[in-house]
Amino acid sequence: MSLVEKVITAVAAKLPDPPADPLIGAERVVGRALPRRDGAQKVSGAARFTAEFHPPGLAYASLVCSTIARGSVAAVDAAEAQRAPGVLAVITHANAPRMAAPPMMMSDPDGAAMSNLPVLQDATVRWNGQPVAVVVAGTQLQADHAASLVRVTYQEEPATLSFEKAKPFARTPPKVMREPNEVAIGDAEAALRAAAVQVDAVYTTPRYTHNALELHVTTAQWLSDDELVVHDASQSLMPTRHTLAKALGLRDRQVRVLAPFVGGAFGNKGVWNHTLLACAAAKATGRPVRLALTREQVFRVVGGRTLSEQRVALGARADGRLDALIHTGTTAVVDHNLFPEQFSFPARHLYAADALLVRQHVVDLDMVANTAMRAPGESIGTFALESAIDELAVACALDPVELRRRLEPARDPSSGKDFSSRHVVEAFRRGAERFGWPAQRPAPRTQRDGDWWVGQGVAMATYPYYRMPGASARIRLHADGRAVVQASAHEMGMGTATVQAQHAAERLGLAYEDVTFEYGDTDLPPSPIAGGSAQTASILAAVTAASERLVEQMLAYVRSGSPLWGARPDDVRAHDGGLWRLDDPTKGETYAAILARVDRDVVEVKADAAPPLEVAKYSMHSYGAQFCEVRVHAATGEVRVARWLGSFDTGRILNPRTARSQFRGGIIMGIGMALMEESQFDERSGRFMNASLADYHVPVHADVPAIDVIWTDRPDPHTPLGVHGIGEIGITGCAAAIANAVHHAVGVRVRSLPITLDKLLPAL
Ligand code: MOS
C-alpha cells in the first residue's frame with residue numbers, strides 16, 4: 001500500500017457508513033429474470049465481433065513466433081516471404097516502428113499490458129512463442145503462407161524451464177497483488193506440531209489456458225499520423241487505449257478503442273504483443289491491419305494461468321476447531337509481469353484459527369507471461385484449502401458441512417475487520433437441504449451403481465468484492481421518457497447491457513424498454529477493466545452518481561407552482577417517469593412536464609462514481625457452497641460429474657437469468673479445471689505441446705450435468721444495490737468439491753489436478 005492509500009484506508013475505516021442505497025430492495029425492474037439484450041443479435045449473427053470489422057483497404061497480418069525459449073534472433077531471411085503473392089511487408093525488430101515499453105496492468109493502474117517487455121524492438125527472445133516477425137499481406141491466406149516462408153536463425157541461450165529445478169531459487173515477493181505477501185498470526189508451525197489432529201499435504205495444479213470462443217484479435221486503422229482507431233477483443237478498453245497511446249507516443253485522446261461485443265474473456269484479454277503489432281503493422285503499411293491469433297497462438301503468444309505447488313497444513317482439536325492454519329506454496333512467473341497468482345487469499349478470510357500463516361513464493365521461468373484467469377488465486381487456492389478441510393473432516397470423523405459451521409469466524413481472521421455481509425453458513429445449510437446432503441453420510445467407497453462408484457463432495461467457494469475506481473457514466477434523458485446511459489463498459493457475454501439498463505430504469509423511474517445502455521467504446525465515459533468481478537458494481541456506482549446529478553438538474557428546472565418547488569434531492573424519489581415527493585408520493589411531476597416548462601427536449605449529465613471506500617472499512621467477500629456427485633468407473637477410473645448444486649451468497653442478485661448463466665459458466669470452467677484441462681509445457685523446449693482444442697480438453701455438453709444454482713439473495717448494505725460481483729466465484733471450490741467427491745466415491749485422495757484416470761487407476 002502506498003502512503004496515500006494507507007491514509008485513505010485509515011480515514012475510511014473511521015468514517016461512519018454512508019446511507020445504504022435506497023434502491024437495495026427495489027424490485028420493479030431490478031431482480032427480474034429478463035433475457036439478455038444482446039442475445040438475439042448474437043444468435044442471429046447480427047452482432048459484429050472484432051474480427052468482423054472490415055475497414056476499406058484492410059490488410060491481414062500473420063505472426064512468426066520464436067521456436068526457442070531464450071536467446072536472440074541472429075538473422076531473419078525474409079527474401080522468399082517478400083516475393084510471395086500479396087505480401088505488403090515483413091516486419092522484424094530491424095524495421096519495426098519504434099514503440100516504448102507498454103505500461104503494465106500490474107504496476108500501472110491505467111495499464112493493460114500483461115508484460116512490460118518492449119515488443120519487437122530488439123533481437124532478444126524471452127519465450128518460445130514470442131513474435132519475432134509479422135507478415136502483412138492482402139489476404140489472411142497470403143499472410144499465413146508468407147509467414148511460413150520466413151527463415152529465422154537464433155543464437156540460443158540456456159533457458160530456465162523446469163519448475164522443479166528452479167524451485168530452490170524461488171523468490172518471496174513482498175506483495176501478492178496489492179496485499180502483503182506474508183500474514184503470520186501466532187506461531188502456526190509450533191501450533192501445528194502440538195495439535196491433536198494434523199493434516200499436512202501438498203497439492204499441485206497445472207498450467208491452464210483461457211480458451212474463449214473468440215480468439216484474440218486486433219484490427220488497427222490509422223486515420224492520420226496521430227489518430228488511431230482500434231477494434232480489439234478486449235476486457236479493458238480504457239487501459240488499452242492508454243497503453244497503446246503510451247507505447248506509440250500518442251495522447252490518450254488520439255486513440256479510440258472499440259469492442260461492442262467480446263466472445264468471452266476470462267482475464268487475459270488485455271494488451272499483448274499482437275495488439276501492439278497490429279498497430280505497428282498498420283503504421284508500417286499505411287493500411288488498416290487485422291491481426292488475429294490462431295488457436296495455437298492463444299497458447300503461445302498470450303499467457304494463461306500458471307502452475308502451483310501448495311502446502312496446506314491444518315492443526316486441529318478433536319472437535320475440528322483449528323489451532324493452526326498454514327497455506328504456503330510456489331508458483332511460476334516471469335520477471336516482467338508481477339503476477340504471482342494469489343492462491344493464498346482464501347486462507348486469509350475463510351476460517352477461524354488460533355494461528356495463521358500464509359506466504360507465497362515464485363520462481364522465474366522463461367515462458368510467456370502468466371496472467372489472470374477467472375478467479376486467479378481463489379480458483380486454485382480453494383482446490384488446496386478445501387481439499388485439506390475435507391481431509392480434516394475425515395480425520396476428525398466430522399461431516400464437512402458441520403466442520404465448516406464450527407470454523408466460521410466472527411470477524412475477518414487476517415485483518416480483524418468486520419465482514420460487510422457474510423451468510424455462508426446459510427448458503428451451506430440451504431445447499432445441503434436442496435442437494436439432499438444426508439445427515440449421516442455413507443462411508444467412502446460404499447456406494448456402487450453397476451460398474452460405477454458413486455460419491456458426493458462439498459467445498460466452499462469464495463471471491464473478494466471489489467469495486468474499481470475511475471468509473472464514470474453519462475445519462476441523456478429525453479422529454480418523452482426515453483433515456484440513454486453510456487459507459488465504456490464491456491459486454492463479454494455476462495449480461496452487462498441488460499443489468500445496467502435494469503438498474504438505470506429502476507434508478508430513473510423509467511420503463512425498462514425505454515432505457516438504452518451504450519458501451520464498448522472509449523469515446524464513452526471511462527469505465528474500469530471488466531475484471532475482478534467488479535464491473536457491475538463499479539458502473540452501478542457511476543450511474544447512481546449520474547442519476548443524482550440528473551435529479552439536481554431537474555430540480556433546478558422546477559418553477560414555482562410545481563409540487564416539487566423547494567424540494568431538495570433528498571426529498572424526492574424517481575418513479576413513474578418523473579420525480580415525486582418522498583413525504584407524499586402523489587405530489588410531483590413527470591420529467592416531461594418539468595422539461596416542457598423550461599422548453600427543453602433533453603437533459604444530459606455525467607458524473608464519476610464515489611471512490612470505493614467501502615472496501616477499506618470492511619472485509620468484503622462473496623461465498624458459496626459447491627455440492628456435487630461424481631461417478632468413478634470401477635475398471636477405467638473415468639470420472640463423470642453426475643449432479644451439481646451451487647449455493648451462493650453474493651449479495652443481491654440483479655437478474656436471476658443472467659446470474660444463473662454466470663454461475664453455471666464458472667462451474668463448467670471449474671469442471672474443466674478439475675478433470676480435463678492442462679496446458680502441457682515441454683520443459684526441453686518451452687513450447688506448449690497441446691496447443692489446440694483437440695489436445696487441450698475443455699468440457700463439452702456431454703461432460704456437464706444439469707447445474708442447479710441457488711442463492712441467499714441477501715443484499716450487502718455497503719454496496720450499490722447491495723450487489724457483489726458474480727463472474728468469478730462460480731469456478732472457485734469446484735475442483736475441491738470434485739476431488740472430495742472422488743475421495744468419497746473410491747477412497748482415493750487425488751491432490752494433483754487435473755484428476756485424470758491415470759491418477760486413480762493404480763488405486764482402484
Ligand atoms: Mo478476471 S481473471 O479478473 O477477468
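The values are calculated or read from the model by the stated rules, or taken from the named source; none is laboratory data. None of these values were measured; they are calculated from a predicted model. All Cβ positions, even for glycine, are placed from backbone atoms using ideal geometry, and neighbour counts span all protein chains on display.
How many of the residues making up the range 119-160 are under 31 Å from the mean Cα position of the chain (by Cα) and among the aromatic types (Phe, Trp, Tyr)?
So the count comes out to 1.
So that you can scan it fast, the table gives a plain yes or no per residue for (1) more than 25 Å from GLY267 (Cβ to Cβ); (2) within 16 Å of the ligand (Cβ to nearest atom); (3) touching a Phe, Trp or Tyr at 6+ places or on another chain (Cβ under 8 Å):
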site: GLY532; (1), (2), (3): no, yes, yes
site: THR536; (1), (2), (3): no, yes, no
site: ALA556; (1), (2), (3): yes, no, no
site: TRP565; (1), (2), (3): yes, no, no
site: ASP583; (1), (2), (3): yes, no, no
site: TYR591; (1), (2), (3): yes, no, no
site: ARG597; (1), (2), (3): yes, no, yes
site: LYS606; (1), (2), (3): yes, no, no
site: ALA625; (1), (2), (3): no, no, yes
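Condition check ((1) part of a loop (DSSP other than H, G, I, E, B); (2) more than 30 Å from THR544 (Cβ to Cβ)) across all residues:
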{"position": "LEU34", "(1), (2)": "yes, no"}
{"position": "LEU63", "(1), (2)": "no, yes"}
{"position": "ALA69", "(1), (2)": "yes, yes"}
{"position": "SER72", "(1), (2)": "no, yes"}
{"position": "VAL90", "(1), (2)": "no, yes"}
{"position": "PRO97", "(1), (2)": "yes, yes"}
{"position": "PRO109", "(1), (2)": "yes, no"}
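Identify, please: which residue in the range 334-351 is away from the ligand (no atom under 16 Å from the Cβ) and in contact with an Asp or Glu (Cβ under 7 Å, 6 or more places away or on another chain) and is, among those, modelled with the lowest pLDDT?
Taking the range 334-351 and keeping what is away from the ligand (no atom under 16 Å from the Cβ), we get 334-336, 344, 347-351.
Narrowing the set further to residues that are in contact with an Asp or Glu (Cβ under 7 Å, 6 or more places away or on another chain) leaves 334-335, 349.
Values: VAL334: 97, ASP335: 93, HIS349: 97.
Per the criteria, the residue is ASP335.
Quick check on the range 602-630: of everything there that is of a type in the set (D, E, K, R) and out of contact with any helix residue (DSSP H, G or I) (no Cβ under 7 Å at 6 or more places or on another chain), which residue is farthest from THR382 (Cα to Cα)? So that I can check it myself, show each step before the final result.
Just the residues of the range 602-630 that are of a type in the set (D, E, K, R), to begin with: 604, 606, 608, 614, 617, 629.
Next, only the ones that are out of contact with any helix residue (DSSP H, G or I) (no Cβ under 7 Å at 6 or more places or on another chain) stay: 604, 614.
On the way: GLU604: 46, GLU614: 25 Å.
Looking at the filtered set, the residue picked out is GLU604.
Mind checking which residues of the range 524-538 are in a loop (DSSP other than H, G, I, E, B) and in contact with a His (Cβ under 7 Å, 6 or more places away or on another chain)?
Filtering the range 524-538 for residues in a loop (DSSP other than H, G, I, E, B) gives 524-534.
ALA530 - this is the single residue of the range 524-538 that is in a loop (DSSP other than H, G, I, E, B) and in contact with a His (Cβ under 7 Å, 6 or more places away or on another chain).
Within the range 525-561, track down each residue that is within 19 Å of the chain's Cα centre (by Cα) and of a type in the set (Ser, Thr, Tyr).
SER527, SER533, THR536, SER538
Test VAL750 against the criterion of being more than 23 Å from the chain's Cα centre (by Cα) and either part of a loop (DSSP other than H, G, I, E, B) or at pLDDT below 95 (or both), and give yes or no. Give the steps one after another, and end with the answer.
Working: more than 23 Å from the chain's Cα centre (by Cα): yes; either part of a loop (DSSP other than H, G, I, E, B) or at pLDDT below 95 (or both): yes.
The answer is yes for VAL750.
Okay, residues lined up against (1) closer than 30 Å to ARG178 by Cα; (2) touching a residue at least 24 places away in the same chain (Cβ under 8 Å); (3) aliphatic (A, V, I, L, M):
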position: LYS417; (1), (2), (3): yes, yes, no
position: VAL425; (1), (2), (3): yes, no, yes
position: GLU433; (1), (2), (3): no, no, no
position: GLY481; (1), (2), (3): no, yes, no
position: MET492; (1), (2), (3): yes, yes, yes
position: GLY495; (1), (2), (3): yes, yes, no
position: THR498; (1), (2), (3): no, yes, no
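Could you list, in sequence order, all residues of the range 301-330 that are of a type in the set (Lys, Arg) and either at pLDDT below 95 or surrounded by 23 or more Cβ atoms within 10 Å (Cβ to Cβ) (or both)? Lay out the reasoning, then the answer.
First, the residues of the range 301-330 that are of a type in the set (Lys, Arg): 305, 311, 317, 321.
ARG305, the sole residue that qualifies.
Could you give every pair whose Cβ atoms fall below 7 Å, whose first residue belongs to the range 721-734 and is farther than 20 Å from ILE24 by Cα, and whose second residue is part of a loop (DSSP other than H, G, I, E, B) and more than 15 Å from the ligand (Cβ to nearest atom), counting only separations of at least 6 or pairs across chains?
Between residues of the range 721-734 that are farther than 20 Å from ILE24 by Cα and residues that are part of a loop (DSSP other than H, G, I, E, B) and more than 15 Å from the ligand (Cβ to nearest atom), the close pairs are ILE729/THR650.
Going by the conditions given, is GLY267 within 16 Å of the ligand (Cβ to nearest atom), touching a Phe, Trp or Tyr at 6+ places or on another chain (Cβ under 8 Å) and in a loop (DSSP other than H, G, I, E, B)? Lay out the reasoning, then the answer.
Numbers: within 16 Å of the ligand (Cβ to nearest atom): yes; touching a Phe, Trp or Tyr at 6+ places or on another chain (Cβ under 8 Å): no; in a loop (DSSP other than H, G, I, E, B): yes.
No.
Give the residues of the range 168-192 that are in a loop (DSSP other than H, G, I, E, B) and modelled with pLDDT of 95 or more, sorted by residue number. Quick ask: steps written out before the conclusion?
If we filter the range 168-192 for residues that are in a loop (DSSP other than H, G, I, E, B), which is where we start, we get 170, 172-174, 177-178, 181-182, 186-187.
Selection gives ALA170, THR172, PRO173, PRO174, ASN181, GLU182, GLY186, ASP187.
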